[in-house]
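Beneath this line is the structure, given in structure tokens, with notes to follow.
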Amino acid sequence: MNNKLVYTPGPTEVRENVRLARAISTTNPDIDTMFCEFYKSTCEKIGEIIKTKNNVYILNGEGILGLEAACASLTEKGDRVLVIDNGIFGRGFADFVKMYGGEVVYFSKEYTKDINEVDLEAFLEKDNNFKYATLVHCDTPTGVLNDLSKLCPLLKKYGILTIVDSVASMFGEELKVDEWKVDIALGGSQKALSAPAGLTIVSVSEDIEYAMKSRKTQVTGFYCNLSIWENYYNNKWFPYTMPISDIMGLDKAIDNILEEGIERVLNRHEKIAKATRKSIKEYGLDLYLEKGYSNTVTVVEIPGYIGAKNLTDYLLRHYNLVLATSLDEYSDKVIRIGHMGENAKLEKIIPVLNFIDEALRRLGFEGKDRLVDLFNKYYSEVKLITK
Ligand SMILES: *Cc1c(COP(=O)(O)O)cnc(C)c1O
């Protein structure tokens, strides 16, 4: 299982100090209130990074838990919910909405682009009676990045709450929760944070807290009910035994980001992503997207005569490299280069690009130049837009 080079868009590589933090001896997190202080400080550090004063919680469950918990906590039978769909996770939100009795209205667009706020506004002018909207920041299967800074304030203007899946972008792309009016921002431990899989991050705005209090019916379920967290700190009470070792690992991963500085972290994602995209194109392969590229993952089309699965199988067999294809309709069409978190570093991506280049050559695709040479050329030229 171990000693492979894993370069997927989550789970990502976990740094040694994070792995070791999970091995430190612990206390009883239910009884010893020191844990409650520790938990709160970890949540506050996350709030600092994602720029919010909202309550932040860490839930015991992988990213999907956050998506379901947000929908479970807000949806009452018959509520109209706008599902913004320009990707597989975007579309998938509808399942959770329906499960809890919501009535889904889709705003569906091409999967090759980010959502245009002018199109969304034209739609909202005609129909805006929604309790909340769901949208995805980076939709990982295709790598599209939606511009939350435009979309969330627009939805807010129409009185629509927003649930945003930032699992694949939080800590790898800029996220300004308060300024952008993101009501619920969801993150996971195993993507750009580079902590082990198993934890969800949720930030909850006052408007969400109000909406949860104003429900006419009770939330179906307990584990997914976000309102049970509201007074955890005052009451020194958790709804279930917290996975203390996992949270100690996550806290160390947060410290790694704070130590490096979030701007620097975002910069290295941007540099690697831009150089990857440019070099792939010049090399002679197509990117799946036309616009709206996320800096956390690059999705590359693989010619049909090779096949994406064939390529990733080859990479694993010959070079011990674990690379992902994608989901559903894309499963044999594209590969995903997961340059996020600890993997968004030069020393990590260089061998990966070399292996991809070599495997493609052996499978019959002749690139224009060595992929890594093209990458290095563009890497030295990248102009950063994030500060
Ligand atoms: C990874 C991810 C999740 C969490 O899903 P898992 O497949 O269970 O890891 C949710 N949303 C997005 C956009 C993701 O990339």
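Here the dipole of the chain is about 440 debye; that uses its Cα centre as origin and unit charges on the Cβ of Lys and Arg (positive) and Asp and Glu (negative). Determine the percent antiparallel among the DSSP beta bridges restricted to the chain, to the nearest 5. Around 50 percent of the beta bridges assigned by DSSP in the chain are antiparallel ones. Shape summary of segment 16-259, radius of gyration then Dmax from alpha carbon positions: 17.6, 58 Å. Judged by the mean number of other Cβ atoms found within 10 Å, the most tightly packed of the peptides 83-91, 348-356 leads the ranking 83-91, 348-356.
Residues in the chain average 42 Å² of solvent-accessible surface per residue, probe 1.4 Å, ligands and nucleic acids excluded. Here are some pairs, K176/K271; K191/K291; K45/K333; which of them have Cα atoms lying more than 31 Å apart in this structure? Distance filter (> 31 Å) returns K45/K333.
Peptides 214-223, 291-300, ordered by how many other C-beta atoms sit within 10 Å of their residues on average, highest first, read 291-300, 214-223. Each of L266, V300, T325 was placed along the dipole of segment 261-381 (beta-carbon charges, centred on the mean Cα), and the one lying farthest toward the positive end is L266. Averaging the Cα positions of each part gives two centres, and for segment 265-284 and segment 5-24 these lie 23 Å apart. Give the carbon-plus-sulfur fraction of the accessible surface of the chain in %, rounded to a whole number; probe 1.4 Å, heavy atoms of protein chains only. Heavy-atom surface of the chain belonging to carbon and sulfur, 1.4 Å probe: 50 percent. Exceedance of the 26 Å cut-off in Cα-Cα distance is limited, within the set K281/K309; K252/K348; K40/K252; K40/K113; K216/K236; K252/K383, to K40/K113; K216/K236; K252/K383.
The values are calculated or read from the model by the stated rules, or taken from the named source; none is laboratory data. From a predicted model like this one, the values you see are computed outputs, not experimental measurements. With ideal geometry, Cβ positions are generated from the backbone for all residues, glycine too; neighbour counts draw on all protein chains shown. For the accessible areas, the whole protein counts, side chains as well, though only heavy atoms, and no ligand, DNA or RNA atoms are used. Shrake-Rupley method; radii C 1.70, N 1.55, O 1.52, S 1.80 Å.
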